[in-house]
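Here is the structure we will look at.
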Amino acid sequence: MSKKLQIPNRIGVFHRYNQKPSTMEYGYHYDYKDHLPFTPPLSKRHIRLWIPESYDFANPKPHPVLYMADGQNMVDRYLSAYGDWHLDRVIRDLGKQGYPEPILVGIDCPKNPRRRSNELNPPYPITRPEIIKDEYPNHPIANRYIDYIANELKPYIESILCVDTRKEATGIGGSSMGGIMAFYGFMAYPETFGYSHSFSPPFFFYTHDQLDAMLEDNHVSPETHGKVYLYVGGKDFEKIFVEGTFYMKKKLMALGFGKDQLGFAHDKDEIHHEEAWYRYSPAALKFWLKDLR
């Protein structure tokens, strides 16, 4: 990394992340630990900031921002137990094609699976007994998780970096539990997030009536809401994600979401894994960024 792009003091609590070895090939990675208001008082979580090399610290121009769940999975395989999305490579390649390169802001997930499920799922009771398991949410609080991003983390990022603050340049993303969190953020916070990167969302947690209620409760419409990209695979464990994702696609189309606002991909041969989400991220990010060029 160039010494000319050492992060300025105004970044505050963020520190350069220099873990070795690392699989990150492009960009600048910083992190700090923060207490999330919905977690136990003494607990802290890594907040990760990835900045593309196209960001000019001396004369910065506004960059889009994508806020992501499971921040440890964004750019470095050695930070994750399962693998990473290789988003540094994806964004580098998009930049070469003339797309704006977004800044990534990620929140690491908790180590406890039940806590992660609670943090990332919409605040609706799960009533389907055939899918309720120990690690699934019993007190879902995605509203509090997203409120933290929208009202604490986002203003902080905007105070320390030159970012495009328009809602259409502000995305929220994730996969699996993070995917349904990103979709809920799209529904419930349309004035904040103009794009949802929703990969393998577990809509199967909820009945069709509950999914309908989520859309109705949040007054989802193409006039008030931005873009959403839904992806689902179809092999092995991923099979159970398919029906609900297709149902949500159908509902959004019925509400009037057209191809300019609703992106969709289904690959029946892909499993539930970061490598699949990596392969489909370029198309999803192009769908978001094409109107920001």
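Go over the candidates Leu161, Leu120, Leu153 one by one and state the one that is surrounded by fewer than 24 Cβ atoms within 10 Å (Cβ to Cβ), aliphatic (A, V, I, L, M) and over 24 Å from Lys290 (Cβ atoms). Let's see the steps before the verdict.
Numbers: Leu161 fails: over 24 Å from Lys290 (Cβ atoms); Leu120 fails: surrounded by fewer than 24 Cβ atoms within 10 Å (Cβ to Cβ).
Step by step, each of Leu161, Leu120, Leu153 is checked, and only Leu153 is surrounded by fewer than 24 Cβ atoms within 10 Å (Cβ to Cβ), aliphatic (A, V, I, L, M) and over 24 Å from Lys290 (Cβ atoms).
Inside region 202-249, can you point out the residues that are part of a loop (DSSP other than H, G, I, E, B) and among the polar types (S, T, N, Q)? Across region 202-249, the qualifying residues are Thr207, Asn218, Ser221, Thr224.
So, Gly233, is that one under 17 Å from Pro122 (Cα atoms), surrounded by 15 or more Cβ atoms within 10 Å (Cβ to Cβ), in contact (Cβ under 8 Å) with a residue 12 or more places away in the chain and not polar (S, T, N, Q) or not? No.
Given Ile146, Ile172, which one is part of a strand (DSSP E or B) and in contact with a helix residue (DSSP H, G or I) (Cβ under 7 Å, 6 or more places away or on another chain)? Step through it out loud before you land on a result.
Working: Ile146 fails: part of a strand (DSSP E or B).
After ruling out the rest, the residue left standing is Ile172.
The residue of region 86-103 that is surrounded by the most Cβ atoms within 10 Å (Cβ to Cβ), among those that are in a loop (DSSP other than H, G, I, E, B) and more than 18 Å from the chain's Cα centre (by Cα), is Tyr99. Quick check, is Phe193 of a type in the set (A, V, I, L, M, F, W, C), surrounded by fewer than 24 Cβ atoms within 10 Å (Cβ to Cβ) and either at pLDDT below 95 or under 19 Å from Asn143 (Cβ atoms) (or both)? Against the criterion (of a type in the set (A, V, I, L, M, F, W, C), surrounded by fewer than 24 Cβ atoms within 10 Å (Cβ to Cβ) and either at pLDDT below 95 or under 19 Å from Asn143 (Cβ atoms) (or both)), Phe193 does not qualify. Number of residues in region 10-65 that are modelled with pLDDT of 90 or more, among the charged types (D, E, K, R) and in contact with a helix residue (DSSP H, G or I) (Cβ under 7 Å, 6 or more places away or on another chain) equals 2.
Inspect region 200-220 for any residue being more than 29 Å from Pro113 (Cα to Cα) and in contact (Cβ under 8 Å) with a residue 24 or more places away in the chain and give the result as yes or no. Within region 200-220, one or more residues are more than 29 Å from Pro113 (Cα to Cα) and in contact (Cβ under 8 Å) with a residue 24 or more places away in the chain. Has region 104-111 got any residue that is within 24 Å of Ser196 (Cβ to Cβ) and over 16 Å from the mean Cα position of the chain (by Cα)? No - not one qualifying residue is present in region 104-111.
Look through Phe257, Phe241, Phe287 and report the one residue that is touching a Lys or Arg at 6+ places or on another chain (Cβ under 7 Å) and either under 20 Å from Ile180 (Cβ atoms) or surrounded by fewer than 18 Cβ atoms within 10 Å (Cβ to Cβ) (or both). Quick ask: steps written out before the conclusion?
Numbers: Phe257 fails: touching a Lys or Arg at 6+ places or on another chain (Cβ under 7 Å); Phe241 fails: touching a Lys or Arg at 6+ places or on another chain (Cβ under 7 Å).
Result: Phe287 is the single residue among Phe257, Phe241, Phe287 that is touching a Lys or Arg at 6+ places or on another chain (Cβ under 7 Å) and either under 20 Å from Ile180 (Cβ atoms) or surrounded by fewer than 18 Cβ atoms within 10 Å (Cβ to Cβ) (or both).
For region 164-190, the tally of residues that are under 18 Å from Tyr55 (Cα atoms), touching a Pro at 6+ places or on another chain (Cβ under 6 Å) and buried (at least 21 other Cβ atoms within 10 Å of the Cβ) stands at 1.
Taken over region 59-85, the residue count meeting the criterion of being assigned to a loop (DSSP other than H, G, I, E, B) and out of contact with any Lys or Arg (no Cβ under 8 Å at 6 or more places or on another chain) is 12.
Taking each residue of region 144-158 that is of a type in the set (Phe, Trp, Tyr) and looking for partners that are surrounded by 17 or more Cβ atoms within 10 Å (Cβ to Cβ) with beta-carbon atoms closer than 7 Å, six or more apart or interchain, yields Tyr145/Glu119; Tyr145/Leu120; Tyr145/Met181; Tyr148/Leu36. Each residue in region 260-284 was checked for being surrounded by 15 or more Cβ atoms within 10 Å (Cβ to Cβ) and assigned to a loop (DSSP other than H, G, I, E, B), and 6 pass.
The values are calculated or read from the model by the stated rules, or taken from the named source; none is laboratory data. Computed from a predicted structure; not experimentally measured. FYI the Cβ positions are ideal-geometry reconstructions off the backbone, even for glycines, and counts take in every protein chain you see.
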